[in-house]
Amino acid sequence: MDDYVTYAKPDRIAAGVDQLAAMTEPDRPYTRLVFSPEFDAGRRWLEDQFKAAGLVCNIDAGGSLIGIRAGNGAEPRRKLIIGSHIDTVPAGGRFDGIAGVLAALEIVYYLNEHDITLPFDLEIVDFLGEELNVWGTSCLGSRHMAGLVTAEMLGRTDQDGRCLGVEIARIGGSGKPSDGVRGDADQILGCFELHIEQAKTLQERSVDIGLVTEIPSIYRYGITVTGQAGHSGTTLMDGRRDAAVAAADIITAVSDLAGRIAAEDNHHFVATIGKIDIFPNGAAIVPGRAEMTLDLRSASDRSRLRFEAALDKLIKQTSMKRNCKISRDKLAGAAVAPMDRKLISILAEQSARLGLGTMPISSGAGHDTAHLSRFAPAAMIFIPCQDGLSHCPEEFTSADSIARGAAVLVRSVLALAEQSVPKGLI
Ligand SMILES: [Zn+2]
């Protein structure tokens, strides 16, 4: 049986992690926000690595850094996309996204060391700005490839007056809206991404590789409760229309409801009310209005529809009980992104050949691959993430875990190459 270190080098991966980790806001490790000086430094470093590995670099219209290793198949040549992201959240970790980019580079090193030319072009990608940013959007690079970046998004400015479109143009993108999905979408053979799990299922079950089955839908709803503001001393309890109390009822009920649906439907299903504003927000005033944002992620559309129906019912009940008007508006919604079965089976088979344990797993978080899956076959693997901690400085996975995942990718790339040409040619 092949050993993973035949295909990927843990020491080299660890060195890459350390070098990128040094490109952080010094007093807030690990912070490399998209378009920041630290991000620019990370991009320069990565481009140097790409070039040293012989990749031909370009920045696409959406601002993603792409390193191409040309294949030798007939034109128009097919393409395989492998990548992740090097930006972080504020005070984030050293591995979220970075692991996937370094693993993708390991594929190039292996091919170089073994003098292998693939029948298709290999594109190694640092997708621009995957994390949620101050402009209220995320997955800038992959979203652009999927044709989903709009003029409205690009026109947004942050509190320092920085315009999103201008920033994308500054780092080499077009700063213009997407002109549909990538023009060469029908040439794309597949897309792979390695990512840390950001949860602890793999660690708890001692499994090396999670084969992602789907990336959940992400829906956000605004819930507004309107009651009646009043004097906290003179408004008697039985006459109150306290918007915060009604909001509290809804927060508790949403949590209970989501827990029930998650248990009964046995899918990844989470609901969070993580943002609430109370008006007028004074210590001596009965709250007159509450505005909340509900974030819902579900691996199953059926579960989401079930939740929505139950939510409307509980809104009605709470409205009557607390004598407040309550409305629900959909702010954003992205459908479930199923991963490509054929690519998953290749990843599963190659993991087995390396003696690695696998399990199917539903992603909790959104990823660039969700956008890629809208226009090309796409699949992801997860590697264990210590104690499930992510988006924090304690985030950790070992260089060996990354190397195991990288080895699966190397072998899967070779398997795809074998399938593309008659045996014996590579
Ligand atoms: Zn990520």
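Evaluate segment 142-161: report whether one residue or more is surrounded by 18 or more Cβ atoms within 10 Å (Cβ to Cβ) and within 16 Å of the ligand (Cβ to nearest atom). Among the residues of segment 142-161, at least one is surrounded by 18 or more Cβ atoms within 10 Å (Cβ to Cβ) and within 16 Å of the ligand (Cβ to nearest atom), which makes the answer yes.
Among the residues making up segment 218-231, none is crowded, with 21+ Cβ neighbours inside 10 Å and either outside the structural domain of residue 286 (by TED's automatic domain parsing) or modelled with pLDDT under 95 (or both). Within the bounds of segment 26-46, is there any residue that is in the same structural domain as residue 89 (by TED's automatic domain parsing) and closer than 30 Å to residue 349 by Cβ? No: zero hits. In segment 24-95, counting only strands (runs of 3 or more DSSP E) that sit wholly within it, the ones holding 3 or more residues that are within 24 Å of residue 374 (Cα to Cα) span 65-69, 79-84. Picking from residues in segment 407-426 that are assigned to a helix (DSSP H, G or I) and out of contact with any Leu (no Cβ under 7 Å at 6 or more places or on another chain), the one that is modelled with the lowest pLDDT is 420. When residue 175 is tested against the conditions (1) at pLDDT 95 or above; (2) out of contact with any strand residue (DSSP E or B) (no Cβ under 9 Å at 6 or more places or on another chain), the lone failure is (2). Residue check: is residue 234 assigned to a loop (DSSP other than H, G, I, E, B) and at pLDDT 95 or above? Answer is yes for this residue. Tell me which of these residue 105 doesn't satisfy, since it passes every other one: (1) open to solvent by 10 Å² or more (accessible area, probe 1.4 Å); (2) closer than 29 Å to residue 384 by Cα; (3) away from the ligand (no atom under 16 Å from the Cβ). Unmet condition: (1).
When 273, 285 are checked against the criterion of being touching a residue at least 12 places away in the same chain (Cβ under 8 Å) and either open to solvent by less than 40 Å² (accessible area, probe 1.4 Å) or within 19 Å of residue 333 (Cα to Cα) (or both), a single residue qualifies: 273. Here segment 173-200 is the region considered, the condition is being of a type in the set (S, T, N, Q) and open to solvent by 30 Å² or more (accessible area, probe 1.4 Å), and the residue that is nearest to the ligand (Cβ to nearest atom) is 198.
Where helices (runs of 4 or more DSSP H) fall wholly inside segment 141-204, the ranges with 3 or more residues that are closer than 18 Å to residue 65 by Cα are 164-170.
Here's the yes/no breakdown for (1) surrounded by fewer than 23 Cβ atoms within 10 Å (Cβ to Cβ); (2) part of a loop (DSSP other than H, G, I, E, B); (3) away from the ligand (no atom under 15 Å from the Cβ); (4) small (Gly, Ala, Ser):
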{"position": "342", "(1), (2), (3), (4)": "yes, no, yes, no"}
{"position": "351", "(1), (2), (3), (4)": "no, no, yes, yes"}
{"position": "366", "(1), (2), (3), (4)": "yes, yes, no, yes"}
{"position": "375", "(1), (2), (3), (4)": "yes, yes, yes, no"}
{"position": "391", "(1), (2), (3), (4)": "yes, yes, no, no"}
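Out of the residues in segment 116-134 that are part of a loop (DSSP other than H, G, I, E, B) and within 16 Å of the ligand (Cβ to nearest atom), state the one that is farthest from residue 40 (Cα to Cα). Per the stated criteria, the residue is 132.
The values are calculated or read from the model by the stated rules, or taken from the named source; none is laboratory data. The model shown is predicted, which means the values in this text are computed figures rather than measured ones. For neighbour counting, all protein chains shown are included, and Cβ atoms are generated from backbone atoms with ideal geometry for every residue, glycine included. Each accessible area value is taken on the protein alone, full model and side chains, heavy atoms only, with ligands, DNA and RNA left out. Shrake-Rupley method; radii C 1.70, N 1.55, O 1.52, S 1.80 Å.
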